[in-house]
Amino acid sequence: MSRPEERRRAAVLGSPIAHSLSPVLHRAAYAELGLGQWSYDRFEVDEAALPAFLGGLDGSWAGLSLTMPLKRAVIPLLDEVSETAASVEAVNTVVFTEDGRRLGDNTDIPGIAAALRERGVTEAGSAAVLGAGATASSALAALAGICTGEVTVYVRSEARAAEMREWGERLGVAVRTADWSRAAEALTAPLVIATTPAGAADALAGAVPERPGALFDVLYEPWPTPLAAAWSARGGAVLGGLDLLVHQAVLQVERMTGCPRAPLAAMRAAGEAALAARG
């Protein structure tokens, strides 16, 4: 691990980026770990600006967190990509080695698995995924180690359906696709992962079954979503976007700082306080 007196930098990049909670989480970790010379910032960077940004970093930089639209764009700019990141062609974490190499990783996938494990979800006979974007492919990768049966993905177009079936083949997951008009059927699955943008699944709140299983809604603002609130009211287990954000950030902190165990509780508390302050 780097000596605490050494100035070390990290940041989150993306566009838009002003809403990101990553600085809150990482700074809370640094404070808890006593890393007083570590700083974590946010920068508005799009795909066109990414090569120049990376090229301008000096040896004080330890790592970067990446959000949209950079998770795929960064791959050609890296020296090495982990198997996890390569499996979904998405990098959300870059670690800089002492000799200047750029290592790409994906902490979303193990973050999803860790968040589910924390809530006691270690296996599901089947699962449903709402949506077909980048987070949906990460969800499929996480489900590869959890779901023993079929995963049904609900999508709005045949093109997206074909993409998700291809991801399933690559990840070793039995994927069936269904049209979004049938999305209410997803809610009967033992495990439902909602990866849709804010508002997209709100209409499904009225279709929550009497005895729901587990719901992982990856949104964290606004929270709870109508679907999550209805799910919780029926007694189902609910995980939110903050659970994913915290668990993937824990892994990022460990990789960037070399600390063997990031402070999960302190990071979650900081995230909850920041969301509460936003109202």
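Among the residues of segment 65-81 satisfying the criterion of being in contact (Cβ under 8 Å) with a residue 12 or more places away in the chain and not hydrophobic (A, V, I, L, M, F, W, C), which is surrounded by the most Cβ atoms within 10 Å (Cβ to Cβ)?
Checking each candidate, the answer is Ser65.
State whether one or more residues within segment 204-224 are in contact with a Pro (Cβ under 7 Å, 6 or more places away or on another chain), open to solvent by 20 Å² or more (accessible area, probe 1.4 Å) and over 18 Å from Thr135 (Cα atoms).
Looking through segment 204-224, at least one residue is in contact with a Pro (Cβ under 7 Å, 6 or more places away or on another chain), open to solvent by 20 Å² or more (accessible area, probe 1.4 Å) and over 18 Å from Thr135 (Cα atoms).
Give Ala228, Ala186 a once-over and let me know the one that is part of a helix (DSSP H, G or I), touching an Asp or Glu at 6+ places or on another chain (Cβ under 7 Å) and in contact (Cβ under 8 Å) with a residue 12 or more places away in the chain.
Just a single option satisfies the conditions, and that option is Ala228.
Considering only residues that are closer than 9 Å to Ala11 by Cα and among the aromatic types (Phe, Trp, Tyr), look in segment 39-60 and name the one that is surrounded by the fewest Cβ atoms within 10 Å (Cβ to Cβ).
Applying the filter and picking the extreme gives Phe43.
Going through segment 241-274 one residue at a time, which ones are among the small types (Gly, Ala, Ser) and either over 20 Å from Trp38 (Cβ atoms) or assigned to a helix (DSSP H, G or I) (or both)?
Gly241, Ala249, Ala265, Ala266, Ala269, Ala270, Gly271, Ala273, Ala274
Suppose we filter Val173, Val153, Val238, Val192 for residues that are closer than 18 Å to Ile112 by Cβ, aliphatic (A, V, I, L, M), in a loop (DSSP other than H, G, I, E, B) and modelled with pLDDT of 95 or more; which single one remains?
Val173
Which of the residues that make up segment 140-150 are among the polar types (S, T, N, Q) and either open to solvent by less than 50 Å² (accessible area, probe 1.4 Å) or not in a loop (DSSP other than H, G, I, E, B) (or both)?
none
Based on this model, can you work out whether Pro190 counts as under 24 Å from Ala228 (Cα atoms), in contact with a Leu (Cβ under 8 Å, 6 or more places away or on another chain), of a type outside the set (Gly, Ala, Ser) and open to solvent by 10 Å² or more (accessible area, probe 1.4 Å)?
No.
So which residues in segment 1-38 are over 12 Å from Leu70 (Cα atoms) and open to solvent by 70 Å² or more (accessible area, probe 1.4 Å)?
Matches in segment 1-38: Met1, Arg3, Glu5, Arg7, Ala18, His19, Arg27, Ala31, Glu32, Gln37.
So which residues in segment 193-203 are exposed (fewer than 13 other Cβ atoms within 10 Å of the Cβ) and not small (Gly, Ala, Ser)?
Within segment 193-203, Pro197 is the sole residue that qualifies.
Please state which of the following conditions Ser137 fails to meet, knowing it meets all the rest: (1) modelled with pLDDT under 95; (2) more than 25 Å from Ala230 (Cβ to Cβ); (3) open to solvent by 30 Å² or more (accessible area, probe 1.4 Å).
Answer for Ser137: the failing condition is (3).
Considering segment 97-107 alone, what residues qualify as being open to solvent by 10 Å² or more (accessible area, probe 1.4 Å), in a strand (DSSP E or B) and free of Cβ contacts under 8 Å to residues at least 60 places away in the same chain?
Scanning segment 97-107 gives Arg102, Leu103.
The values are calculated or read from the model by the stated rules, or taken from the named source; none is laboratory data. Owing to the predicted nature of the structure, the values given are computational and were not obtained by experimental measurement. Please note: Cβ atoms are built from the backbone with ideal geometry, for glycine as well, and neighbour counts cover all protein chains shown. Accessible surface areas use protein heavy atoms only, side chains included; no ligands, DNA or RNA. Shrake-Rupley method; radii C 1.70, N 1.55, O 1.52, S 1.80 Å.
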